[in-house]
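What follows draws every value from the coordinates through simple rules; no lab data is involved. Just so you know, these numbers come straight off a predicted model, no measurement behind them. We place every Cβ from the backbone using ideal geometry, glycine too, and count neighbours over all the protein chains shown.
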Amino acid sequence: MQPQDHDSSFGALEVLFRAYLGQSADDAPEPRSRALESYLRHTWHTRPAAVTVAARQLRRYAEHPPGKLRVELGEFFPMPDLGLASTDVQPWMLCVADHLERSAADGDVPPPTAVPDTHWEWHARFPELAQFLGGWFSQDMPDEFPDHEAALADYRATTHPALVARLAGELSSLLALLDDEGDHAVALVELGMEVEPPAPYSPGGWLAHLARVLGDIQAG
């Protein structure tokens with residue numbers, strides 16, 4: 001299937017499915033699942049039109065499921081394993097489609113001020129920060145750089161200024177969202193940092209330090 005055909009038929013659906021990976025697909029008429037709540041909270045405030053598109057693609061997929069051959073030929077997007085029994089897949093799809101349609105029709109929007117609740121939502125809301133922490137501060141960092149500041153300097157030297165500016169903005173947004181040191185630690189883990197912050201910084205102190213350094217670069 002060509003990328004354009006995939007996007008028009010399954011693009012929004014694929015993003016929705018991705019939000020469920022690692023989460024329970026336990027939607028019922030009430031309440032919505034944790035995964036769906038996270039998906040709606042992020043999508044409503046970034047690409048609101050995608051909610052109705054995902055509902056339409058999901059309902060069409062549920063009502064006209066592909067045969068095995070068409071999936072193998074690449075004519076349909078293969079649904080990932082969400083831990084559901086085969087007999088539960090279609091009812092789940094229709095239930096989620098109902099939720100999406102009702103959310104769009106009623107304007108039932110989760111508030112954007114909540115701390116991300118799933119791994120998918122952390123990465124969807126802070127993609128450049130996830131790229132930065134996961135790429136430069138993985139468990140291999142001590143073998144690649146003498147210290148944290150050297151890793152930061154390498155990021156700045158090898159990354160387009162527009163992406164550095166985006167990272168600075170995401171750090172500011174994250175710090176405005178979180179006010180608890182435990183949440184700062186969770187954010188670092190969820191976004192891919194696999195080494196401890198350098199002494200003497202706490203997780204929140206390290207994020208604030210990064211924001212200051214990168215903010216000063218943009219101001220200069």
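Points to keep in mind about this one:
- Dipole-positive endmost among Leu167, Tyr201, Ala50 within the chain (Cβ charges, Cα centre): Ala50
- Converting phi to 3J(HN,Hα) with the Karplus coefficients 6.51, -1.76 and 1.60 and the offset θ = phi - 60°, segment 129-138 yields 5, 5, 5, 5, 5, x, x, 9, 10, 6 Hz in sequence order, with x at every glycine or proline.
- Rounded if a/c under 1.5, otherwise prolate or oblate - the chain, Cα gyration tensor axes: prolate
- Between 0 and 90°, nearest 10: helix 34-44 axis offset from the chain longest Cα axis: 80 degrees
- The simple spin-label model puts a point 7 Å past each Cα toward its Cβ; for Arg102 and Glu149 those points are separated by 5.6 nm.
- The angle between the Cα long axis of helix 181-190 and the main principal axis of the chain comes to about 60°, on a 0 to 90 degree scale.
- When you restrict to C-alpha pairs under 8 Å that are six or more residues apart and normalise by the size of the chain, the relative contact order lands at 21 percent.
- Taking the helices alone, the chain has a mean residue ellipticity at 222 nm of -19500 deg cm²/dmol, built from -39,500 (n - 2.57) per DSSP H run of at least 4 residues and averaged over all its residues.
- Protection proxy ranking of 100-108, 152-160, by the mean of other Cβ atoms within 10 Å over each peptide's residues and highest first, is 100-108, 152-160.
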